[in-house]
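Read the structure below first, then the notes.
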Amino acid sequence: MLILWGLSTLALAEEPLPRTPETFEVAGHKAFVYAAPQPAAGKPWVWYAPTIKGLSLVGRKAYYEGFLREGISIAGYDLGEVRGGPASSARFSQFYDEMVKRGWSKKPILLGQSRGGLMMLAWAMRNPEHVQAFVGIYPVCNLTQWPLKNKELTLADYQMTEADFRSKLAELNPVDNLKELAAQKVPMFIVHGDADAAVTYPDNTGLLKQRYEAAGGPITVKVIAGEGHQATPSFFECTELIEFVKKQAKTPR
């Protein structure tokens, strides 16, 4: 019996992982789910952004295998080049509702890479009770920095003139709206390079850390010295990030 049990466990560990996702549409936009062969209790999932014509995170072997082997599925919803506006956040909520309807956890782990950080943080600040944790890979956190270098797309997503957008920054900007996430004690883990010229550390993760800690929220930041907005092992083979996700998937909230 013990030998058979051991063989069975080994077989599960070696069960092939999905190489193509389950896809479905929500309100005319495509959703992607890479389901873990043996979902962990509660069917935890990582909600990754940005998702544009596919789920690029699955190309990162350390994360893809590290999450799915632990029973943590990976999903995303392709809204294209959105910037966290109220309307696009509302569409993300439609995707969230559909995932919950399909049996996935009511509290996903949000993982935002670069501009995906803004997408996920904007949704999180509007839905703090539905967030298990936030993970960032050099995430955009601040509407006044990178998004205003890309005004056309940002203003289109917020459906505002620049004057109106600037006048309402305090109610729209994730770094200005952390109180409810902190009250929920939503854990955060972020890895960011101190030489990032595109999404600068002080104006994004550094500011988020300062304000989230001041509000009483739990946050861990790993700063990578000398690296910027790069696809290096520091950002895509981060063992601390994997361990954080695994811990959060097992922690009732």
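A short reminder: the numbers here are calculations on the coordinates, not readings from a lab. Note that the structure is predicted; figures quoted are calculated from it, not measured. All Cβ positions, even for glycine, are placed from backbone atoms using ideal geometry, and neighbour counts span all protein chains on display.
Points to keep in mind about this one:
- Label-point gap, in nm, between GLU98 and ASN127 - each point 7 angstrom along Cα→Cβ: 1.2
- Anisotropy class of segment 28-111 from Cα gyration tensor, a/c 1.5 cut: oblate
- Aspartates and glutamates with Cα under 14 Å of LYS222, excluding same-chain neighbours fewer than 8 positions away: ASP194, ASP196, GLU237, GLU240, GLU243
- Spin-label pair ALA62-SER167: with each label point 7 Å from Cα along the Cα-Cβ axis, the two points sit 4.7 nm from one another.
- Charge dipole (segment 141-208, unit charges on Cβ, about Cα centre) - positive-most of HIS192, LEU207, ALA163: LEU207
- Put simply, the Cα atoms of segment 151-253 extend 43, 33, 22 Å along their principal axes, the longest span coming first.
- Taking a ≥ b ≥ c as the square roots of the eigenvalues of the Cα gyration tensor, segment 61-169 is prolate, since a/c reaches 1.5 or more and a/b is larger than b/c.
- Peptide ranges 161-173, 60-72 listed from the most packed, as the mean C-beta count within 10 angstrom indicates: 60-72, 161-173
- Charge dipole magnitude, Cβ of K and R +1, D and E -1 - the chain, Cα centre, debye nearest 20: 440
- With each label modelled as a point 7 angstrom along the Cα→C-beta vector, the MET160-LEU17 pair spans 4.0 nm.
- Flagged links, alpha-carbon separation over 20 Å, of LYS53/LYS106; LYS43/LYS101; LYS185/LYS209; LYS185/LYS246: LYS53/LYS106
- Straight Cα distances below 18 angstrom link LYS168 to the lysines LYS149, LYS151, LYS179, with same-chain residues fewer than 8 positions distant left out.
- The ellipsoid equivalent to the alpha-carbon distribution of the chain has semi-axes of 31, 20, 17 angstrom, derived from the gyration tensor eigenvalues as √(5λ) and listed largest first.
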